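The structure appears right after this line, and notes come after that.
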Amino acid sequence: MRLVTENVPGNSAKIRLLLDLVELRPARVLDVGCGDLSLWAGVEDRPDVIGVDVALPPARVEGIERVRSSALRLPFGDGEFDAVVSTQMLDDVAE
């Protein structure tokens, strides 16, 4: 997994998250609240990513599976992912 400098998001927290993922090298990642998948535009040779969101706007990145679902009722079992990421989403969940 490598970062594509010109496509890395300008948000420092997202950059730190991506750097951590590069270091960890997870095989499978769940992106909760994935939105348009823009987080992954800055990643080359990315892991297997599944994006979950209650609304699925047009994707900015091709080749990533997306599932329409609430973060409160994820349709996955324990241990299915090596890492779970979520950015700019928790302030939208009242519960």
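The values are calculated or read from the model by the stated rules, or taken from the named source; none is laboratory data. Treat the numbers as computed from the prediction; the structure is a model and nothing was measured. Positions of Cβ are generated from backbone atoms using ideal geometry, with glycine treated the same way; all protein chains shown enter the neighbour counts. Just so you know, the surface numbers come from the protein's heavy atoms only, side chains and all, with ligands and any DNA or RNA stripped out. Shrake-Rupley method; radii C 1.70, N 1.55, O 1.52, S 1.80 Å.
A few points about this structure:
- Number of the condition not met by residue 24 [criteria: (1) modelled with pLDDT of 90 or more; (2) surrounded by 14 or more Cβ atoms within 10 Å (Cβ to Cβ)]: (2)
- For region 56-78, the criterion of being within 21 Å of residue 18 (Cβ to Cβ) and among the aromatic types (Phe, Trp, Tyr) is met by no residue.
- Hey, residue 30 in contact with a strand residue (DSSP E or B) (Cβ under 7 Å, 6 or more places away or on another chain), part of a loop (DSSP other than H, G, I, E, B), at pLDDT 90 or above and surrounded by 12 or more Cβ atoms within 10 Å (Cβ to Cβ) or not: no
- None of 39, 56, 18, 72 is in contact (Cβ under 8 Å) with a residue 40 or more places away in the chain, at negative phi and hydrophobic (A, V, I, L, M, F, W, C) except 39.
- Residue list for region 45-81, filter: open to solvent by less than 30 Å² (accessible area, probe 1.4 Å), part of a loop (DSSP other than H, G, I, E, B) and out of contact with any helix residue (DSSP H, G or I) (no Cβ under 9 Å at 6 or more places or on another chain): 69, 70
- Failed criterion for residue 9 (all others in (1) open to solvent by 70 Å² or more (accessible area, probe 1.4 Å); (2) touching a residue at least 24 places away in the same chain (Cβ under 8 Å) hold): (1)
- Hey, residue 84 open to solvent by 30 Å² or more (accessible area, probe 1.4 Å), at negative phi and in a helix (DSSP H, G or I) or not: no
- Filtering region 1-44 to residues that are of a type in the set (Gly, Ala, Ser) and under 16 Å from residue 82 (Cβ atoms) leaves only 27.
- Against the test of being at pLDDT 90 or above, closer than 16 Å to residue 88 by Cβ and small (Gly, Ala, Ser), the options 10, 63, 42, 35 yield a single qualifying residue, 35.
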